Amino acid sequence: MAEAFNEKILPADKAERYAALAEEIAAVLEGEPNLTARMATVASMLANSFPHFFWTGFYVVDPDKPDELVVGPYQGTLGCLRIAFGRGACGTAAATRQTQVIPDVHAFPGHIACDSRSASEIVLPVLDRQGRLIAVLDIDAAEPAAFDQTDAEALESILARTFG
């Protein structure tokens, strides 16, 4: 994990890193039922595994406003406090329950600029065992097109294993 900040990780290396990370996350979280602890651990472990992830965290569905996300456990600079469903990449992922891979955040309609350094991001819906949306996982990078299908598939797998 000693890559330079802007060095690209090869797809095969990235897939291997995600596979090892998935096992580490599962081992660390074994027996831990608390949702906040689980989210905080996943955010921390992801943030420390990929040097280009500068914001890694969760926006949780607000139980008092079920069409709104509120910032949850994260690693990085100040995040947006609340995001309405359908607004920006996080709100779109929440509304559609589909992973959003955004190669250029400035070209994404309705992009919310929580941190001006963000150039690309990936946002994934987080579902519980009953298939209910409980949060979204948002990861930002300062470089364009930092995320691809390898990231999407690996992160979806980690989330399903951790929260589903």
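The values are calculated or read from the model by the stated rules, or taken from the named source; none is laboratory data. In this text, all values refer to a predicted model and were calculated from it rather than measured experimentally. Cβ atoms come from the backbone with ideal geometry, glycine included; neighbour counts cover every protein chain shown.
Would you check which residues across region 88-137 are free of Cβ contacts under 8 Å to residues at least 40 places away in the same chain, among the β-branched types (Val, Ile, Thr) and in a loop (DSSP other than H, G, I, E, B) and list them?
Ile112
Of Ser157, Ser120, which residue is more than 16 Å from Leu69 (Cβ to Cβ), crowded, with 20+ Cβ neighbours inside 10 Å and either among the hydroxyl-bearing types (Ser, Thr, Tyr) or out of contact with any helix residue (DSSP H, G or I) (no Cβ under 6 Å at 6 or more places or on another chain) (or both)?
Ser120
Of the residues that make up region 77-87, is at least one of a type in the set (Phe, Trp, Tyr), within 21 Å of Ile25 (Cα to Cα) and either surrounded by fewer than 18 Cβ atoms within 10 Å (Cβ to Cβ) or at pLDDT 95 or above (or both)?
no
Restricting the search to region 9-62, which residues are β-branched (Val, Ile, Thr) and closer than 28 Å to Gly91 by Cα?
Residues satisfying the conditions are Ile25, Thr36, Thr41, Val42, Thr56, Val60, Val61.
Say whether the condition of being touching a residue at least 24 places away in the same chain (Cβ under 8 Å), of a type in the set (Gly, Ala, Ser) and touching a Gly at 6+ places or on another chain (Cβ under 9 Å) is met by at least one residue in region 75-85.
Yes - at least one qualifying residue is present in region 75-85.
Sort out which residues of region 123-146 are surrounded by fewer than 18 Cβ atoms within 10 Å (Cβ to Cβ) and either of a type in the set (Phe, Trp, Tyr) or under 20 Å from Pro51 (Cβ atoms) (or both), and write them in order of number.
Answer for region 123-146, where residues must be surrounded by fewer than 18 Cβ atoms within 10 Å (Cβ to Cβ) and either of a type in the set (Phe, Trp, Tyr) or under 20 Å from Pro51 (Cβ atoms) (or both): Ala142, Glu143, Pro144, Ala145.
Among the residues of region 33-51, which ones are of a type outside the set (A, V, I, L, M, F, W, C) and either surrounded by fewer than 18 Cβ atoms within 10 Å (Cβ to Cβ) or within 13 Å of the chain's Cα centre (by Cα) (or both)?
Listed by number, the residues that qualify are Pro33, Asn34, Thr36, Thr41, Ser44, Asn48, Ser49, Pro51.
Looking at (1) assigned to a helix (DSSP H, G or I); (2) at pLDDT 95 or above, find the lone condition where Val60 falls short.
(1)
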